[in-house]
1. Show that you can apply the helix-only estimate: for the chain, add -39,500 (n - 2.57) for every DSSP H stretch of four or more residues, divide by all residues, and state [θ] at 222 nm to the nearest 500.
2. Regarding the range 191-251, what whole-number volume in Å³ per residue does the convex hull of its Cα atoms give?
3. Comparing ALA63, ALA151, ALA45, which has the greatest mean-square fluctuation in the GNM of the chain with Cα pairs linked when under 10 Å apart?
4. For PHE97 and ARG220, what is the calculated FRET efficiency with R₀ set at 30 Å and r taken between the beta-carbons, to the nearest 0.05?
5. When all alpha-carbon pairs of the range 108-255 are counted, what percent fall beyond 25 Å?
6. To the nearest µm²/s, what D does Stokes-Einstein give for the range 1-109 at 25 °C and 0.890 mPa s, using the Kirkwood radius over alpha carbon pairs as Rh?
7. Between THR189, THR60, THR94, find the one with the highest GNM mean-square fluctuation for the chain; connect C-alpha pairs within less than 10 Å.
8. Restricting attention to the alpha-carbon atoms of the range 148-189, what are Rg (one decimal) and Dmax (integer), both in Å?
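Read-outs throughout are calculated quantities, based only on the coordinates presented, and are distinct from any laboratory measurement. Predicted model, so just to flag it, every value in this text is computed and none were measured. Every residue, glycine as well, gets a Cβ built from its backbone with ideal geometry; the counts of neighbours run over all protein chains shown.
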Amino acid sequence: MLKGVVGLVTGGASGLGRATVERLVKEGGRVILCDLPGSQGESVAKSLGSEATFVPADVTSEADITNALNVAKDKYGRLDVAVNCAGIGVAFKTYNFNKNLPHKLEDFLRVLNVNTGGTFNVIRLAAGLMGQNEPNQDGQRGVVINTASVAAFDGQIGQAAYSASKGAIIGMTLPIARDFSQIGIRVVTIAPGLFDTPLLSSLPEKVRTFLANTVPFPKRLGKPEEYALLVESIIRNPLLNGEVIRLDGALRMQP
């Protein structure tokens with residue numbers, strides 16, 4: 001059980017984030033669900049009762065995340081866990097020689113800003129509230145869990161922006177864990193493979209089947225609930241820190 005644990009989950013209205021919100025509440029926790037104003041965040045939170053509160057937020061906004069943290073403190077009195085699931089992606093080759101078009105710099109920077117900058121924004125602000133907690137017997141005050149991707153290791157054609165943004169999340173995992181070590185806040189990153197999220201559900205069934213068959217074992221797409229289960233395991237295991245965990249069924253992406 002995670003009774004008494006208070007979490008903040010970005011991208012919590014769908015996919016991996018929603019599964020995480022639902023898992024935390026099911027296990028006895030309380031959650032601040034952050035997502036964009038036009039998301040299904042309000043209805044998801046309402047379906048979970050008083051243990052979940054929706055706060056509209058853009059992860060790149062200091063004001064929005066500060067407001068979400070203030071709601072967490074006012075409503076639940078503390079923050080123990082921050083899970084970064086919000087993210088975007090674009091698919092474009094660095095240079096399209098058929099059309100004589102380079103990758104748009106603004107698209108590249110937008111993905112970096114949301115995925116990497118947004119993740120860092122949540123971490124740096126959430127740490128201030130976590131640091132106010134009384135430490136447990138291990139000296140722990142909180143846990144930060146980030147979402148990278150296997151694309152950070154073996155990104156495919158057209159994934160330069162996405163892979164760079166997720167690689168940066170992996171790259172900052174250890175230094176931030178070291179930054180927070182004296183105050184007792186752990187930092188762990190999950191690198192998911194192919195998951196059955198809204199992004200993939202929009203693809204034709206033939207394409208989904210093909211992607212599932214590229215996973216060695218189990219030969220299927222990951223379930224968001226399996227991501228959420230790993231989140232719970234990270235929260236429970238005090239020795240997991242400064243680490244990146246692949247959750248991909250032994251998948252190695254091909255070009």
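1. Details: 10 runs with 105 residues, N = 255.
After summing the helix terms and dividing by residue count, I get -12500 deg cm²/dmol.
2. On the way: hull volume 4.9 nm³, N = 61.
Per residue, the Cα convex hull of the range 191-251 comes to 80 Å³.
3. ALA63
4. On the way: r = 36 Å, r/R0 = 1.20.
In this case the efficiency is close to 0.25.
5. Details: 3609 of 10878 pairs.
In whole percent, the share of Cα-Cα pairs in the range 108-255 beyond 25 Å is 33.
6. Working: Rh = 15.0 Å.
Reported coefficient: 164 µm²/s.
7. THR94
8. Here Rg and the maximum Cα pair distance are 12.5, 41 Å.
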